[in-house]
1. Ranked highest first by the average count of other Cβ atoms within 10 Å around their residues, in what order do 4-10, 65-71, 121-127 fall?
2. Under a point-charge model restricted to the Cβ atoms of Lys and Arg (+1) and Asp and Glu (-1), what is the dipole moment magnitude of the range 97-235 relative to its Cα centre, in debye to the nearest 20?
3. What full-extension length gain, to one decimal in nm, is calculated for Lys215 and Arg90 as 0.36 nm per residue of separation minus the Cα-Cα distance?
4. Rank Thr121, Leu146, Gly53 by how far each Cα sits towards the positive end of the charge dipole of the chain (+1 on Lys, Arg Cβ; -1 on Asp, Glu Cβ) and give me just the farthest.
5. Using the structure shown, select from Lys152/Lys198; Lys15/Lys102; Lys102/Lys215; Lys120/Lys198; Lys190/Lys215; Lys15/Lys152 the pairs with a Cα to Cα distance greater than 31 angstrom.
6. Sort the range 173-252 into rounded, prolate or oblate with this rule: let a ≥ b ≥ c be the square roots of the eigenvalues of the Cα gyration tensor; rounded if a/c is under 1.5, and if a/c is not under 1.5, prolate when a/b is larger than b/c, oblate otherwise.
7. Measure out, as a whole number of angstrom, how far apart the alpha-carbon centroids of the range 51-101 and the range 106-129 sit.
8. Enumerate the helices in the chain for which the Kyte-Doolittle hydropathy averages 0.0 or more and the C-alpha atoms extend at least 18 Å along the helix's axis, using complete DSSP H runs.
Amino acid sequence: MSVNIVQELIGLARKARVFVSMPWVEGLTPECLGREGRFEIAKTGEQFERRHGIFHLSECGLSPLDHGGLYGDACFEGILVINGQVFLYREHLERWWQSAKKMSISMPYSMEELGWWILKTIQEVGFSTQEKGYLRPVLTRGFGNLGINPAKCLAPTVYCIVSTIQLYPPEAYDRGIELSIARNTRRAGKDIVDPNIKSNNYLNNIFGLLETREKKTLETMMMTSDGFVAEATADNIFLIRKEEGWQENSAKVNLFP
């Protein structure tokens, strides 16, 4: 198992690139941005130097004091590249912007500026039309002193991983997969965290997978605190009833009374 994971990661690293942008603070910002990063004065009115660049995964770095890694104080999107086309690109960026707004993290770029850098990173990877690509743009609160208070952070860090992706074996997309059910770990409700925010804190979902790991299924279904179907740990669930069309409201579909 470990050998397979190593080989998978080697293949990922060979193909992937990452765009990184963060404030320049001597002794704290990763050295790759000092050696090869490009200087800029952000158009959002930041009163300090910011640097950015496109790197191999082994070249770039994120600060250990970045609150995205320390506390999950970050938001992201997951975007597919299919047949050389970015799927719902504008819609994903708009949702990312909305997550940032709800979290009170200011984007240091306009959507057009950041979109240009993401597309440039895609070009450096050079997907073939047969490859399924994946974009993971991330906005963190940035680096700051220890403690969860957002006021401790200087300014946001932005990065976007561009790589290939295969979540499941190819045959699973033809035959389907078996699901386990997490009965003890329930999906956190909207009264706890706004579900419209795609944050980097996935601990709730991870506990769902850990609960069912002995089942050795590829995915796990999670339920609400009331016992209704919510979603899988990393996949949406849709039901089709004959002559009734799509049923997407989990509050009206109780598969497991």
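1. On the way: 4-10: 9.7, 65-71: 20.3, 121-127: 15.9.
So the peptides 4-10, 65-71, 121-127, ranked by packing, come out 65-71, 121-127, 4-10.
2. Details: 16 positive and 15 negative charges, 91 e Å.
I would put it at about 440 debye.
3. 41.2 nm
4. Leu146
5. Correct reply: Lys15/Lys102; Lys102/Lys215; Lys15/Lys152.
6. Working: a/c = 1.74, a/b = 1.12, b/c = 1.55.
Oblate.
7. 10
8. The answer, listed by residue number, is 2-15, 111-125.
All of the numbers you see were taken from the coordinates with simple rules; none came from a lab. Keep in mind that this is a model prediction, so the values were computed, not measured. No Cβ is skipped: glycine too gets one built from the backbone with ideal geometry, and neighbour counts run over all protein chains shown.
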